[in-house]
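Quick notes on the structure that follows.
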Amino acid sequence: MNMAPQTGMQTAFHRTELAIILSLYGRMVAAGEWRDYGISCLKDHAVFSIFRRTAEHPLYRIEKHPKLRNRQGMYSVVAMDGQTLKRGHDLKAVLRVLERKLIRAVKD
């Protein structure tokens, strides 16, 4: 786990975390739901932002807050309006809230 020590280093997603996120991202791109993403590595958290089109506000943000690891969980999915859709300790479980949208997109 990449935690930001007090030395001013950044928090980032580990390659195993990115593999899980990019797997979902690829399926949503194939379904035509998402088109672009951005990654921000900040001092206290990391953010994977998902866009429907380039140059707009992100539809969703997948956030990693290592300081919340022992509380409600360090992973969360936040909607465009700022509402936290899901929070937890297991990244795959947290991302299921977005996979439900994939099932609806393929179903249509």
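The values are calculated or read from the model by the stated rules, or taken from the named source; none is laboratory data. As the structure is a prediction and not an experimental result, all values here were calculated from the model. In this analysis, Cβ positions are derived from the backbone assuming ideal geometry, glycine residues included, and neighbour counts consider all displayed protein chains.
Points to keep in mind about this one:
- The single condition among (1) buried (at least 18 other Cβ atoms within 10 Å of the Cβ); (2) farther than 26 Å from Met9 by Cβ; (3) in contact with a strand residue (DSSP E or B) (Cβ under 6 Å, 6 or more places away or on another chain); (4) not acidic (Asp, Glu) that Leu24 does not meet is (3).
Residue-by-condition table, conditions (1) closer than 21 Å to His89 by Cβ; (2) more than 14 Å from the chain's Cα centre (by Cα):
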site	(1), (2)
Arg15	yes, no
Leu22	yes, no
Gly26	no, no
Asp36	no, no
Asp44	yes, yes
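- For the stretch 33-92, the tally of residues that are closer than 16 Å to Leu22 by Cα, surrounded by fewer than 17 Cβ atoms within 10 Å (Cβ to Cβ) and in contact (Cβ under 8 Å) with a residue 40 or more places away in the chain stands at 1.
- Unique residue being modelled with pLDDT of 90 or more and of a type in the set (Lys, Arg) when the list is Arg87, Arg104: Arg87
- Residue list for the stretch 54-69, filter: more than 21 Å from Gln10 (Cβ to Cβ) and either part of a strand (DSSP E or B) or out of contact with any Lys or Arg (no Cβ under 6 Å at 6 or more places or on another chain) (or both): Thr54, Ala55, Glu56, His57, Tyr60
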